[in-house]
Each structure stands twice: as C-alpha cells, then as structure tokens.
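This report refers to the structure that appears directly beneath it.
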Amino acid sequence: MGNFGQKLEVVRVLYRAGIFKPMRPDKTVRIAKLAKAWGRSPAMGIVAGAIKQPDAVAVIDDEGSATFDEVNRHSNALARGLQEAGVSPGDVVGLMCRNHRQFIETIFACCKVGANIVLLNTMFAAPQLTEVSRREKVSALLYDEEFANLLEDLQEMPRFVVYGSGSDPSIEHVISSHADDNVEPPNIESRFTMLTSGTTGTPKGAKRGSPKGMLPMASMLSALPLRSGERTMIAAPIFHSWGLGQFQMGLMLGSTYVLTRRFDPEATLRAVAEHKCTSLAVVPIMMQRMLGLPDEVKKKYDLSSLRVTAASGSALPGHLATDWMDAFGDNLYNFYGSTEVAMASVASPEDMRAAPGTAGKPPLGAVVKILDNQGEPLPTGQTGRIFVANAISFEGYTSGDDKERLGSMVSSGDVGHFDENGRLFIDGRDDDMIVSGGENVFPREVEDLIAEHERVEEVAVIGVSDPEWGQRLKAFVVLKAGPSLSEDEVKAHVKQGLASYKVPREVVFIAALPRNATGKVIKRELAG
C-alpha cells in the first residue's frame, strides 16, 4: 500500500470507529487550539473529553464513577500540587498503583506538568523498586498506600499517596487544596518509561513517547471493531505496556474506563455484564481464571454486550483461545508484541478458529519479517528471528542499550514462522532454544502440546544441562483437580505428537507456576 493509500485507509478506519464525529463549531475551534498547545500528550485526551462530553462518565471503579469534567479538574489541581512540591517539566516521576480512578488522574496530572513517568510494577520487591527508581533517576514517587513498606529506602524525594492514606500527603488532600481550572501546557511533552517483564533478569526501562500521528491508533482499530463512546474494561494492569495501550486508545475513542483494583475472575464477569462493556482487555492468565469458574457461575452473567476480548502480554495457547470462544462467543482478538516493538500482529476470532495458537497477521502500518542469522528473509514455514517495523516501537532502553535493529525493523526477541495463509506463529524466545543431541528444540511447541492434555492446567518447559545430550528438556506441570497424571503419561503424550528428541527427560508436578503481574512465567525461578 502506497503512502497516499495508507493515509486514505487511516481516515476510513478512524471514521468507521466514530472518531470524526460532528461537533458544535465552538467546541471544534477550542479543541483545535488546545491540540496545538498540548500536542500528542495524553493530557490532550482528557482536556478534549471535558470539552466534548463534560458530563459523560469517564471512569468507573470500585469506589464509584467520575465524569470527564471531574477527572480533568482533579488532574488540574493535582498538577498544581506537584509543581508546588518541586516537580518540573522533564523530571522523572515514579507511579506504583493498581487500576483505579486516582491512577488515571495521576497520569494526567504528570502529563500536565510535563513530567516523565516511570510505571512501576506492583509485584516488585523492595530491592527491585529501589534499584529501578535510582537507575531511572526518579525524583518523586506517587504510590498506593499498600506499597509504602516497599519504599522505605526512597525517602529522599517528594512522595504522595495516590490511593489510601499514610504518613505522606494524599493526592485527595492535594486536589482539595489547589485550584482546578485549566493549567498552562508545559513546554515539553511527557514520556513514559515502561519496564520490561524481567522474566530472565533485571527489568529494563524502555523509553516510549506518545504515538505519532493517527497511524498507530488506526493500526489497532483496523484490527478491532471498537467504536467511540463505548465502555471498555481494562483488567490488564495499566502499568504494563498492554494496559497502557488500551488506556491510550480509550482516550482517542472517548471511552468510559471500567476498572477494579484487583483482578477477580467473577468480579470481572460481573463488571462487564453490569456496565455493558463492549470490550475487555486481559492477559491470558486472566482468561484461564475466568474459564476455571464453575459453569453455574459463568452462566449468571450476560456478556452479550462484549464484542471484543483483547488479549496480550503473554503467550496464548491455542486450546485456551478456543475454550474462551466456546464459552463466551467469538469475540477474542490475540495481540502479539512486546514492550519494545509494541504491536506486531493480531489474530482475529476467525484466525484462531482456523489455526489455534496463531498470532495472526500484521495490522495496518506494521511489517513483520522472519529472518535468518544473516538478516535474510526465510521462506514460508521456516522458523527464524522475528523483526517488526511500525509507528510505535520503542526508542531504546534508558541504559543506552537497544534491541537489535535492521534498518527500521526491531527484533522482538522471539522466533517464529508464517504459514501458507500469512498467519504468524511464535515458536519461542530466541534465547530459549536448546540444542539436545545436536537437534534444535524450542520449548514452546512442547508446552503447547502438553497443555492440550485434558488433565493439565498449565505447563512450562525449560532447558537444563545434561552431561550426555548437552541440554535436555525439563517440564513443570500443574494439574487440574481430579484424576492424577504420571510422568510417563506426560512423556507418552508428547511422543505421540512430536519427535522423540523433543520429549522432556524429566517431568515435575508443582502446585502453580511462578508468574509476574501480566501472567508471564518467570522461568528463571524454575531453573533456580
């Protein structure tokens, strides 16, 4: 598609989504003027929302709801309080919060100051928080009260409690004690630092600015049948790139966010039904937990409003995708990407019905290539390294390091292949491959096969050293309630579907896999 053709497609996609709705001329003029001042900042989203639909509900959480006007005014007041505390444009602010209205207001406030935001993982231990905060040069902290004991080594900076109360000032007090009229836009645009999952080591800081132009938004909306002014439940943590992406998309659409501080499978179904959400953003482990509810519980909630279940953040096994659609309808869209490359491909319900386990096809504006070790394209069906080009890939790590790049393309760190229909399949991590007896083996395909067993709840497979074979596979299996399963039965199941050198030489049964907040398995804890 040529450049002009792509621009036309962007307009068509955004029009279909209802972003170009007619508006009163005076509102159009006000928003156009503010857009020049605020640029691509997320703050522009709430400022525009307060003009377009001031009395519409912007967010619903465990405590109630707030309108676009209320969220805008609260973030204005908080921005003034942060400035009074010494936070200036370009300063780095750390946010450690669960999903709730005050977190949203805090993000807007930081953007209205022009502060750069580091989104801290709510599952970090105290040493990780201290290390990351100092490495990223955090100069102010805003956090939920429950994390106060983890931040004791970070007392040398302004600190505010976002949710709850404590020895530090609460943002509720800051908001009530400052003017809430519109603030002047800062002279620089806020940037986000996303932290990588850290499943194989210390989390890295990945720099990301606001999406440039309309192509990134059109890219996602080309794959999702979303419309402006609808309600979306963000169950995925907003501190993660997937949850943040859903938050940013909601700003463009003028969506109402539905949030809960902690994920609970039944409460999530209840919220979708009660608020008639049309979309639900999740990570796969959340889908697994909801599917694990008793049938009588799942049937209590009418999810007929749900057109889109958007999943990302970790691998989505094919059986989980089909189980979800069998239970809740063909509304599942599986996004493949990473903190670094952002969105690479999307699998529609039709894709996953036809080829369970697929990561789908690149959306509008994205290019995905499978390359060999010399950077040359590989033919259909052959496994190679995945490289991605799009308008929203990251700008590099805060340490100065970078992912491998080939021209405009960034390595995802995964290996995969395309099938004859152009669908992408992820075969594993580039560094997960082991050589066992001279044969290349990727644990992912072994995991997928074991996971299909009717008595298996979840599984992880790793490579470990072996004096005879060089390396061998070791499987960690979590069983469903009910009949047991033996090590020999697991091995026999794998041998029926894969070559003998891919059969794990050891199977360990455990109660649960170690996971991070987005559901990714932390394999280094298994290896240790």
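Among the candidates Gly292, Gly313, Gly360, which residue alone is surrounded by fewer than 16 Cβ atoms within 10 Å (Cβ to Cβ) and small (Gly, Ala, Ser)?
After applying the criteria, what remains is Gly292.
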Within segment 330-352, the residues that are touching a residue at least 40 places away in the same chain (Cβ under 8 Å) and part of a loop (DSSP other than H, G, I, E, B) are Thr339, Glu340, Val341, Ser348
Scanning for something part of a loop (DSSP other than H, G, I, E, B), without any contact (Cβ under 8 Å) to a residue 40 or more places away in the chain and of a type in the set (Asp, Glu), does segment 319-329 turn up at least one residue? no
Spot the failing condition for Ala273; the list is (1) farther than 21 Å from Asp427 by Cβ; (2) in contact with a Leu (Cβ under 9 Å, 6 or more places away or on another chain); (3) at pLDDT 95 or above; (4) surrounded by 17 or more Cβ atoms within 10 Å (Cβ to Cβ), and only one is missed. (4)
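Of the residues Glu458, Glu454, only one is without any contact (Cβ under 8 Å) to a residue 40 or more places away in the chain and either part of a loop (DSSP other than H, G, I, E, B) or closer than 24 Å to Pro349 by Cβ (or both); which? Full working, then the answer.
Working: Glu458 fails: without any contact (Cβ under 8 Å) to a residue 40 or more places away in the chain.
Of the residues listed, the single one that is without any contact (Cβ under 8 Å) to a residue 40 or more places away in the chain and either part of a loop (DSSP other than H, G, I, E, B) or closer than 24 Å to Pro349 by Cβ (or both) is Glu454.
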For segment 48-133, please list each of the strands (runs of 3 or more DSSP E) lying entirely inside it that holds at least 1 residues being on the phi > 0 side of the Ramachandran plot. 64-67
Any idea which residue in segment 316-332 is surrounded by the most Cβ atoms within 10 Å (Cβ to Cβ), counting only those that are out of contact with any Asp or Glu (no Cβ under 9 Å at 6 or more places or on another chain), under 22 Å from Arg227 (Cα atoms) and not hydrophobic (A, V, I, L, M, F, W, C)? Asn331
For segment 10-43 the number of residues that are free of Cβ contacts under 8 Å to residues at least 40 places away in the same chain and either assigned to a loop (DSSP other than H, G, I, E, B) or in contact with a strand residue (DSSP E or B) (Cβ under 9 Å, 6 or more places away or on another chain) (or both) is 4
Could you check, for segment 146-167, whether at least one of its residues is part of a loop (DSSP other than H, G, I, E, B), small (Gly, Ala, Ser), touching a helix residue (DSSP H, G or I) at 6+ places or on another chain (Cβ under 7 Å) and surrounded by 19 or more Cβ atoms within 10 Å (Cβ to Cβ)? no
Tabulated pairs, segment 234-257, first in contact (Cβ under 8 Å) with a residue 12 or more places away in the chain, second part of a helix (DSSP H, G or I) and among the charged types (D, E, K, R), C-beta under 8 angstrom, 6+ apart or interchain: Gly254/Lys52
Which residue, of Glu458, Glu439, is out of contact with any Pro (no Cβ under 7 Å at 6 or more places or on another chain), within 26 Å of Gly519 (Cβ to Cβ) and in the same structural domain as Ile510 (by TED's automatic domain parsing)? Glu458
Pick from segment 464-484, criterion of a type outside the set (A, V, I, L, M, F, W, C) and part of a strand (DSSP E or B), ranking: nearest to Thr358 (Cα to Cα): Lys474
On the phi > 0 side of the Ramachandran plot, in contact with a strand residue (DSSP E or B) (Cβ under 9 Å, 6 or more places away or on another chain) and of a type in the set (A, V, I, L, M, F, W, C): is that true of Ala342 in this structure? yes
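So that you can scan it fast, the table gives a plain yes or no per residue for (1) closer than 22 Å to Pro356 by Cβ; (2) surrounded by fewer than 18 Cβ atoms within 10 Å (Cβ to Cβ); (3) among the β-branched types (Val, Ile, Thr):
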residue	(1), (2), (3)
Val410	no, no, yes
Arg423	yes, no, no
Ser436	no, no, no
Val441	yes, no, yes
Ile462	no, no, yes
Ser486	no, yes, no
Glu489	no, yes, no
Ile510	no, yes, yes
Thr518	yes, no, yes
With respect to Glu84, is the statement that it is of a type in the set (Asp, Glu), in the same structural domain as Pro169 (by TED's automatic domain parsing), at pLDDT 85 or above and within 30 Å of Arg135 (Cβ to Cβ) true? yes
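The values are calculated or read from the model by the stated rules, or taken from the named source; none is laboratory data. As the structure is a prediction and not an experimental result, all values here were calculated from the model. Glycine also receives a Cβ, built like all others from the backbone with ideal geometry; neighbour counts cover every protein chain displayed.
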